[in-house]
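Step one of this worksheet: look at the structure below.
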Amino acid sequence: MNTSLVNDTSRSSVVDGHGGRPLSVSGALVRRTLLRVRRMPAAFVPSIVMPVFQLIAFSGAFGAAVRLAGVKNAMDWYVPLNAVQGASFGAMGVSFGLINDMQTGFFDRLLMAPTKRWALIVGPMAGSIARAALPVALVIVIGFLGGMNVPGGPLAIFYVAVAATGIALVASAFALGLTYRMRNMGAATLTQFAIFFTIFLSTSQVPLSNMAGWLHAVARVNPMTNVLRLARQGLLGDITWNDTWGGLLAIAVMLFVSCWFALSGLKSLEK
Amino acid sequence: MTAATVATNHVAPPRSFTTAVHHTLRLTQRSVLGRLRQPAALAPSFIFPLFFAALGSASFQRMSKLPDFPASSFLNYTAAGAIVQGVLFAATSSAGDLATDIEQGFFERLLVSPVTRTAIVIGRLGSAMVVAISQVFVFLGIFLAFGARIETGVVGFIGLTVSGALLALAMSGLMSGIAIRSGSPEVVQGSFPMVFALLFLSSSFFPRQYMTGWYKTVASWNPMSHVVEGMQGFMNQPLDVDQFLRAWLIPLGIATISIMFGLRALSNRLAAQ
């Protein structure tokens, strides 16, 4: 794959005369991410199993609490949460992959490639969407098997996918930024902690109205609350612009900040 | 130490009871020190249970107002679950250290030294118990500071401490057996989902009476539910013999089987060498 990526890049250099086309470089990096999944399935399996197990565990254990809050089926509440969390696991894969590339020296070769720097960030980010597709799809299927309601119709599933994709991108850009700076396995662990705490300090378990004290105050200002509202709206009732725009805005802002974090990390690495 | 001495010691390690106790205590001490020197490995077994307890008590406080809720507050309910969670995480991590010892060759050095064989396993289990007791102290201290109450008073406190120690003995025995059989930290970490499932498919985080369907059936069959409910009894109900039976005898029974499993794994490993 290393050779094919280099070949892809050099072919592009010949075509446009002044460096590899960024999108073809990004495409090659996506293919590299998927190849890593195929070569090391043991590292990918937990990111499929964990969201599914959590979905079953949460809806089984805490189902009564969300039903008390007026949710018809616990799956309606926990499918979007676990889809978003499952998507975010791809970020750990991005971080591990990057660390591996740094240790083997492959990343240095990428830095010498005649292409735009942002292509080196967009590639792994797009790869994280590819990695997220399977766990998110599986969580939705398990949700349907568990009797998930979809009053919002197909658009409800679309918004679950939008939220999951958005978080996969945000988490992977954050993971890249952190890995460029730390350059060791600690970056993957920290990424995991950051995602874990951001998701759980929101309306992950129960609606805002059911929360008490400090958690209510934190969840209200946590952008993840808006993202989960966007994802859940079609499973809990009708889809409205009121429940949509906040989530889209939260994703856009987090994406902007995390991409800046990744780009500045890459620049600091080159210095 | 010459090769001849090594060979002699390997064949006939000292077997007096006092020596065995002495070796066990020294190995326990070494293991505890090893754990304290790696705060990053020990921290998750303190941070995550406390985080989940804080999250649960802020999220599900409303549930505790229901008439049939088994505790006066969700914080009181979740204390036992947090202890169990912390103990299980720490026991897995301790077995991971044992597997690392095997991988890095320290275990082999122990085997050629005049150390009682059982002390190698029991010493490790002893350290898991010491960590578990410290976890119970820290967790209960924090819970009490945030307004939790132990309904059974000092006896309940002792009951919870002993239960935590016995559970650590049971789980670290099982995990140590896996570590000795495999000799691989990855395999020990790979068995973590089993611990996770034991914990989540039980009443550690939520009362069983609110569960429904197959999930409730699984939680009712899960021995961890009964251990946790015994411990919750110490926290939330008047003193009763049932609390001791569930919180002490079940972990003790599991510990007996798991220690046998661990020693058998050691015996097999020695026979294979």
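Using Cβ counts within 10 Å as a stand-in for footprinting exposure, how do B:72, B:64 rank, fewest first? The partial results should precede the final answer.
Details: B:72 15, B:64 18.
Final ranking by Cβ density, sparse to dense: B:72, B:64.
Taken over the protein assembly as shown, lysine pairs spaced eight or more positions apart, or on distinct chains, with alpha carbons under 28 Å apart number 5.
A straight chain from residue A:193 to residue A:242 at 0.36 nm per residue would run longer than the Cα-Cα distance by 14.6 nm.
Near residue B:185: Cβ cut-off under 12 Å, other residues only, Lys/Arg at +1 and Asp/Glu at -1. The net charge is -4. Using a Gaussian network for chain B with springs between C-alpha atoms less than 10 Å apart, which of these wobbles most: B:36, B:66, B:50? Sorting by GNM fluctuation, first place goes to B:66. Orientation-averaged projection of the protein assembly as shown equals 29.0 nm² [convex hull of Cα atoms, one quarter of hull surface area].
Scalar couplings 3J(HN,Hα) for segment A:123-138, obtained by applying the Karplus form with A = 6.51, B = -1.76, C = 1.60 to θ = phi - 60°, are x, x, 5, 5, x, 5, 5, 4, 5, 6, 4, 5, x, 5, 4, 5 Hz; x denotes Gly and Pro. For chain B, the longest principal axis of the Cα atoms and the long axis of helix B:223-236 meet at an angle of about 60 degrees. Once the C-beta distance of residue A:141 and residue B:241 is scaled by a Förster radius of 35 Å, the resulting FRET efficiency is 0.15 to the nearest 0.05.
Semi-axes of the equivalent ellipsoid of chain A are 36, 18, 17 Å, computed as sqrt(5λ) over the eigenvalues of the C-alpha gyration tensor in descending order.
All other residues whose Cβ lies under 15 angstrom from that of residue B:229 are scored, Lys and Arg at +1 and Asp and Glu at -1, for a net of -1.
The residue among B:57, B:118, B:209 whose Cα reaches farthest toward the positive pole of the charge dipole of segment B:3-272, with charges on the beta-carbon of Lys, Arg, Asp and Glu, is B:118. Think of it as helices only: each DSSP H run of n ≥ 4 in chain A is worth -39500 (n - 2.57), and spread over all residues that comes to -28000 deg cm²/dmol at 222 nm.
Per 10 Å bin, what percent of the C-alpha pairs of chain B does each bin hold, from zero upward? Bin by bin from 0 Å, the calculated values are 7, 29, 32, 19, 9, 3, 1, 0.
Can you tally the net charge around residue B:173? Count Lys and Arg as +1, Asp and Glu as -1, for every other residue whose Cβ sits under 14 Å from the Cβ of residue B:173.
Its environment carries a net charge of +3.
For the peptides A:131-140, B:255-264, the ranking by packing is A:131-140, B:255-264, with the highest mean count of neighbouring Cβ atoms within 10 Å listed first. Which listed residue (A:29, A:93, A:197) has the Cα farthest towards the positive end of the charge dipole for chain A, taking +1 on Lys and Arg C-beta and -1 on Asp and Glu C-beta about the Cα centre? Final value for the positive-end residue is A:29. What separates the Cα centres of segment B:173-246 and segment A:202-264 is a distance of 33 Å.
Once backbone amide H atoms are built at 1.01 Å from N, residue A:206 has no partners under 5 Å, excluding neighbours fewer than 5 places away on the same chain. In the elastic network of chain B, a GNM with C-alpha springs shorter than 10 Å, the most mobile of B:58, B:119, B:148 is B:58. Under a Gaussian network description of chain B, with springs only between Cα atoms under 10 Å, the residue in B:173, B:190, B:156 that fluctuates furthest is B:190.
Model label sites at residue B:138 and residue A:67, defined 7 Å from Cα along the beta-carbon direction, differ in position by 3.7 nm. Here's the picture: a label point sits 7 Å out from the Cα of residue B:209 along the beta-carbon direction, and within segment A:63-87 the residues with their amide nitrogen under 17 Å of it are A:63-65, A:68. For residue B:71, nonlocal amide neighbours, meaning residues 5 or more places apart or on other chains whose placed amide H falls under 5 Å from its own, do not occur.
Multiply the residue gap between residue B:108 and residue B:158 by 0.36 nm, knock off their C-alpha separation, and tell me the result in nm, one decimal place. Let's see the in-between values first.
Working: separation 50, 0.36 × 50 = 18.00 nm, distance 3.81 nm.
Taking 0.36 nm per residue and subtracting the Cα distance, the gain is 14.2 nm.
For residue A:115, the residues 5 or more places off, or on other chains, whose built amide H falls under 5 Å of its own are A:20.
Just so you know, all these numbers are worked out from the coordinates, no wet-lab data involved. Given the structure is predicted, the values throughout are model-derived calculations rather than measurements. Methodologically, a virtual Cβ is constructed for each residue, glycine included, from the backbone with ideal geometry; neighbour enumeration extends over all protein chains shown.
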